[in-house]
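Down below is the structure, laid out as structure tokens.
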Amino acid sequence: MDLKGETLSPLRQARHNMRGRMNGLKLCVSALPTCDTPAETLEFLDHIEQATDKVVIALDEYEKLLEQEG
């Protein structure tokens, strides 16, 4: 559903999910310069790796829907 309470099409929902995953990835990357310890840096690098995996999954889902559309 979007903010107006309308149900999104599967393609639009997949695109929305992909953008959300990309924003999460960008957020993790932007936090790297603020890390004070090597342990904190490693934690954010782990978050970046996880976010990247989620982006790939979201992209795969989006591509499947595009193929189904035509």
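Observations, loosely collected:
- FRET efficiency for E67 and K26, using Cβ-Cβ distance with R0 set to 22 Å, rounded to 0.05: 0.20
- Helix 38-69 vs. the chain, principal-axis angle (Cα, 0 to 90°, nearest 10): 10
- Using a simple spin-label model with pseudo-atoms 7 Å out from Cα toward Cβ, C35 and H16 lie 3.3 nm apart.
- Of the residues A58, A14, A39, the one that moves most in a GNM of the chain with alpha-carbon contacts below 10 Å is A39.
- Selection among L42, S30, N17 by position relative to the dipole of the range 1-60 gives N17 as farthest towards the positive end (Cβ unit charges, Cα centre).
- Formal net charge of residues neighbouring K64 (Cβ-Cβ distance under 15 Å; K, R +1; D, E -1): -3
- Taking the C-alpha atoms only, the angle from helix 10-31 to the longest principal axis of the chain is near 10 degrees.
- Residue order, fewest to most surrounding Cβ atoms within 10 angstrom, among H16, H47: H16, H47
- Electrostatic dipole magnitude of the chain [Cβ: Lys, Arg +1; Asp, Glu -1; Cα centre; debye, to 20]: 360
Only the coordinates and a few stated rules stand behind these numbers; no lab work does. Here the structure is a predicted model, which is why all the values come from computation and not from measurement. Ideal geometry is used to build each Cβ from the backbone, glycine not excepted, and the neighbour counts take in all protein chains shown.
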